[in-house]
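Read through the structure below, which is laid out as structure tokens, and then see the notes.
Values in this text are rule-based calculations from the coordinates and carry no lab data. Remember, predicted model here, so these are calculated numbers, not experimental data. With ideal geometry, Cβ positions are generated from the backbone for all residues, glycine too; neighbour counts draw on all protein chains shown.
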Amino acid sequence: MQGSPVRLCSVNIVVRDSRGRTLLQMRDSAAKSSPLLWGFWGGAVDADDESAHHAAARELCEELCVTAQPGDFEPIGERVDSRGRLAALFLYGPFLRWEDIRVNEGAGAAFFWREEIDRLSVSNAVAWYLERHPHIFPGVDR
């Protein structure tokens, strides 16, 4: 008996500054998942999204007011969450500066080195990638 194929349900986005630090979102207390934890940017893939790359561009615009093109995103990982849903992880190619963004969702945001992220309370997705693919998060001595 074969299981049903896992369908892509969401996108997570790694955003960096020119120094290599990762921009994470502090999820607000009303968030459906990972409230009051540091997490990736992103969200659900909607039925009208042409592709996961389009979903990533839409989510970045909604959450950070950054206009991105689908080609700006490089797939760098995927994981199946505890509910059996597939989430793709994308790296947003262009570097961002504070003046490039306006945080539109969550309780805040900050740029971090991996060593700093290791000390944060993070979402399951961030923790999963930290454990299995720490190279995604550049450190101070890179």
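Residue farthest toward the positive end of the dipole of the stretch 8-133, with Cβ of Lys/Arg at +1 and Asp/Glu at -1: which of L86, W113, L96?
Value computed over the given set: W113.
How big is the stretch 8-133 by the Kirkwood estimate over distinct Cα pairs, in Å?
On the way: mean 1/r = 0.0689 Å⁻¹.
In the stretch 8-133 this quantity evaluates to 14.5 Å.
Looking at the stretch 45-142, which chymotrypsin sites (Phe, Trp or Tyr not before Pro) are in a loop (DSSP not H, G, I, E or B) and have at most 14 other Cβ atoms within 10 Å? Can you show the working numbers first?
On the way: sites: F73, F90, Y92, F95, W98, F111, F112, W113, W128, Y129; in loops: F95, W113.
When the chymotrypsin sites (Phe, Trp or Tyr not before Pro) of the stretch 45-142 are filtered for loop state and at most 14 Cβ neighbours within 10 Å, F95 remain.
Only four residue types carry charge here, +1 at the Cβ of Lys and Arg and -1 at the Cβ of Asp and Glu. Report the dipole size of the stretch 80-142 about the Cα centre in Debye, rounded to the nearest 20. Provide the component values of the computation, followed by the final result.
Values: 8 positive and 9 negative charges, 41 e Å.
The calculated dipole for the stretch 80-142 is roughly 200 debye.
Output wanted: per-residue J couplings in Hz (rounded whole) for the stretch 56-72, from phi through Karplus 6.51 cos²θ - 1.76 cosθ + 1.60, θ = phi - 60°, x for Gly and Pro.
Running phi through 6.51 cos²θ - 1.76 cosθ + 1.60 with θ = phi - 60° gives 5, 5, 5, 5, 5, 5, 5, 8, 10, 6, 10, 7, 10, 9, x, x, 7 Hz.
Enumerate the calculated ³J(HN,Hα) couplings along the stretch 93-107 in order (Karplus 6.51 cos²θ - 1.76 cosθ + 1.60, θ = phi - 60°), each rounded to whole Hz, writing x wherever the residue is Gly or Pro.
Result, rounded to whole Hz: x, x, 6, 10, 10, 3, 5, 8, 10, 9, 5, 9, 9, x, 9.
As I understand it, the dipole of the stretch 5-125 uses +1 on the Cβ of Lys and Arg and -1 on the Cβ of Asp and Glu, about the Cα centre. Which of S29, L60, G43 lies farthest toward its positive end?
Among S29, L60, G43, the one farthest towards the positive end of the dipole of the stretch 5-125 is S29.
In whole Hz and in residue order, list the ³J(HN,Hα) couplings for the stretch 7-24 that follow from phi through the Karplus curve 6.51 cos²θ - 1.76 cosθ + 1.60, θ = phi - 60°; x for Gly and Pro.
With coefficients 6.51, -1.76 and 1.60, one gets 9, 5, 10, 8, 10, 10, 10, 8, 10, 10, 9, 5, 8, x, 6, 9, 8, 10 Hz.
When the dipole is taken about the Cα centre of the stretch 8-133, and only Lys, Arg (+1) and Asp, Glu (-1) are charged at their Cβ, what size is it in debye, to the nearest 20? Don't skip to the end; give the middle numbers.
On the way: 14 positive and 20 negative charges, 88 e Å.
Here the size comes out at about 420 debye.
Across 5 Å bins from the origin, how do the percents of Cα pairs in the stretch 27-76 run, short distances first?
In whole percents, the pair-distance histogram is 5, 21, 24, 24, 15, 10, 1.
Contact order normalised by length for the stretch 8-133, with contacts defined as Cα pairs under 8 Å and 6 or more residues apart; what percent is it?
On the way: 241 pairs, mean separation 44.3, N = 126.
Computed value for the stretch 8-133: 35 percent relative contact order.
If you filter the stretch 22-61 for trypsin sites (Lys or Arg not before Pro), then keep DSSP loop positions with at most 16 other Cβ within 10 Å, what is left? Each step should come with its number before you reach the end.
Numbers: sites: R27, K32, R58; in loops: R27, K32.
Those satisfying the criteria are K32.
Around F112, which amide H atoms from residues at least 5 apart in sequence, or from another chain, sit under 5 Å from its own amide H, with H modelled in the peptide plane?
Amide H neighbours of F112, under 5 Å, 5+ apart: T22, L23, L24.
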